[in-house]
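Participant: I am attaching a structure below and will ask some questions about it afterwards.
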Amino acid sequence: MLLKFMCDRDVVENGLKKKHLLPDSDKFDAAITSCIADIDMDGKPEILLGTFSQMMLVYKFDGKWRLSGLRRFSHAVHSIGYTDLSGDGAKELIVATMSGIHILQHNPVNVLKEFYGRLNPALKMIQSSNIADGSADESVDE
């Protein structure tokens, strides 16, 4: 018999009384590990579950929980982490199995798009505040 995975939301307000079933979770073997991380860089964390049946499940919340991704590995998933191993400012997903450590990286093009998507509004705001207070840089001829 396969178990259903549950999560609690707003435990400060509700304690452990308001449970949510993670959809399709009863189709997979026992969860061995979990990780909460914003792996799609949208500002909202996902739930990642590693299972004995060699799967990593990714759940996303957009009003309700939904299974948004699956990844099969060659052995049971024992540990999942999300940190910047390479020191480049973009986090990597680290998955430990009996066959070794798997490091999954974001597509560099997507990382750059996300970086510039966050940087451009800040630059525009700084530029407009400099223009408003008269401190905009003037070009200087030497």
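Participant: Out of the residues in segment 69-99 that are small (Gly, Ala, Ser) and not in a strand (DSSP E or B), which is surrounded by the fewest Cβ atoms within 10 Å (Cβ to Cβ)?
Facilitator: Gly87
Participant: Something else: Give segment 82-104 a look and list any residue that's in contact with an Asp or Glu (Cβ under 9 Å, 6 or more places away or on another chain) and either within 16 Å of Cys35 (Cβ to Cβ) or among the basic types (Lys, Arg) (or both), or say none.
Facilitator: Tyr82, Thr83, Asp84, Leu85, Lys91, Glu92, Ile103, Leu104
Participant: Looking at (1) more than 23 Å from Leu22 (Cα to Cα); (2) exposed (fewer than 12 other Cβ atoms within 10 Å of the Cβ); (3) under 15 Å from the mean Cα position of the chain (by Cα), which is the one condition that is false for Val111?
Facilitator: In the conditions (1) more than 23 Å from Leu22 (Cα to Cα); (2) exposed (fewer than 12 other Cβ atoms within 10 Å of the Cβ); (3) under 15 Å from the mean Cα position of the chain (by Cα), Val111 misses (2) alone.
Participant: Here's something else I'd like to know. Pick out the one residue from Gly87, Gly134, Gly100 that is more than 17 Å from the chain's Cα centre (by Cα), at positive phi and at pLDDT below 85.
Facilitator: Exactly one of Gly87, Gly134, Gly100 is more than 17 Å from the chain's Cα centre (by Cα), at positive phi and at pLDDT below 85, namely Gly134.
Participant: Working only within segment 37-68, note down all residues that are among the small types (Gly, Ala, Ser) and modelled with pLDDT under 95.
Facilitator: Of everything in segment 37-68, those that are among the small types (Gly, Ala, Ser) and modelled with pLDDT under 95 turn out to be Gly43, Ser53, Gly63.
The values are calculated or read from the model by the stated rules, or taken from the named source; none is laboratory data. From a predicted model like this one, the values you see are computed outputs, not experimental measurements. Virtual Cβ from ideal backbone geometry, glycine too; neighbours counted across all protein chains shown.
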